[in-house]
Amino acid sequence: MTEGTGTAGKPIYQRVLLKLSGEGLLGDKEFGLDLAMVERVAGEVKAAHERGIQVCLVIGGGNIFRGVSTAAKGMDRTSADYMGMLATVMNSLAVQNALEKLGVQTRVQSAIPMSMVCEPYIRRRAVRHMEKGRVVIFAAGTGNPFFTTDTAAALRAVEMNCDALFKATQVDGVYSADPNKDPSAKRFDRLTFSEVLTRDLRVMDTSAIALARENNIPIVVFSLHSPGALAQVLERRGLFTEICPDSDQE
Ligand code: UDP
């Protein structure tokens, strides 16, 4: 992959995975889904897809259920995590519905098979869907408790041979501290995986970082708050932080 604006002709990225947290679908709500937000996200994905980029998605479930916090209140962790994974299926179906309303063909593939609702996760089939111009949404995380959808995103990005993993967050990149709490927090344009780990920057959980690092998949952290943000960042414009393999350091 090369640097450049990508405005003319061929997109810079051929295939990408977009990770959306459940929080990103909350909008102004405290819990659940804001359908206006879901539609906005779908519009962003459609714009990227229309540029000829193969797009797959992993969606979190934190807007509905987070296993670890419920386990802390006394529930069995594995059961709580399965509930969290089911929450990601709900979000995936909502985004699928919004995309299809916009005329984008999609398939949801779940790591926990539920044949009445969606396809099971089958790697080769997912690749084929993307080759045919369908957006694939990977639901139910990794299918295993004690993991997160960040790790699922890194895993699927590796399995799908993606050029990069795009992580949409509430802020426009990786900062040295939480910019909402510390006004002196510095934003990074570029980091290596080693820097993320040694500085203990909370970008994604360490298993996700380790997977991306071992497989040389860059992670691009950006914010979906302004309309057109995904299409922009796919052309390497606007604000974002790129986390790249240690060997790519300039
Ligand atoms: N989860 C899990 N295994 C996975 C992915 C998710 O057990 O591979 C559960 C876990 O309980 C997690 C919840 O699903 O808290 C929702 O996912 P996550 O917290 O990653 O969502 P996000 O923070 O991205 O909204």
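Every number in this text was worked out from the coordinates using simple rules, so none of it is lab data. Just so it is clear, the structure is predicted and the values come from calculations on it, not from any experiment. Using ideal geometry, Cβ is built from the backbone for each residue, glycine included, and neighbour counts are taken over all protein chains shown.
The figures follow:
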quantity	calculated
Segment 109-212 - convex hull of the alpha-carbon atoms, volume per residue in Å³	130
Shape box of segment 22-127 [Cα atoms, principal axes, largest first, Å]	47, 36, 22
Two-decimal ratio, the chain, of alpha-carbon radius of gyration to 2.2 N^0.38 Å	0.95
Among ILE219, ILE112, ILE59: highest mean-square fluctuation, GNM of the chain, C-alpha pairs under 10 Å	ILE112
Approximate spin-label separation ASN216-ASP182, in nm, with each point projected 7 Å along Cα-to-Cβ	3.3
3J(HN,Hα) from dihedral phi, segment 29-43, Karplus parametrisation 6.51/-1.76/1.60, rounded to Hz, x for glycine, proline	7, 8, 8, x, 10, 9, 4, 5, 5, 4, 5, 4, 4, 4, x
Under 18 Å from the GLU23 label point (7 Å along Cα→beta-carbon), backbone N, segment 187-229	187-188, 200-209, 220-226
The chain: most fluctuating residue of LEU165, LEU201, LEU17 per GNM, C-alpha cutoff 10 Å	LEU201
Over the chain, relative contact order from alpha-carbon pairs under 8 Å, at least 6 apart, %	22
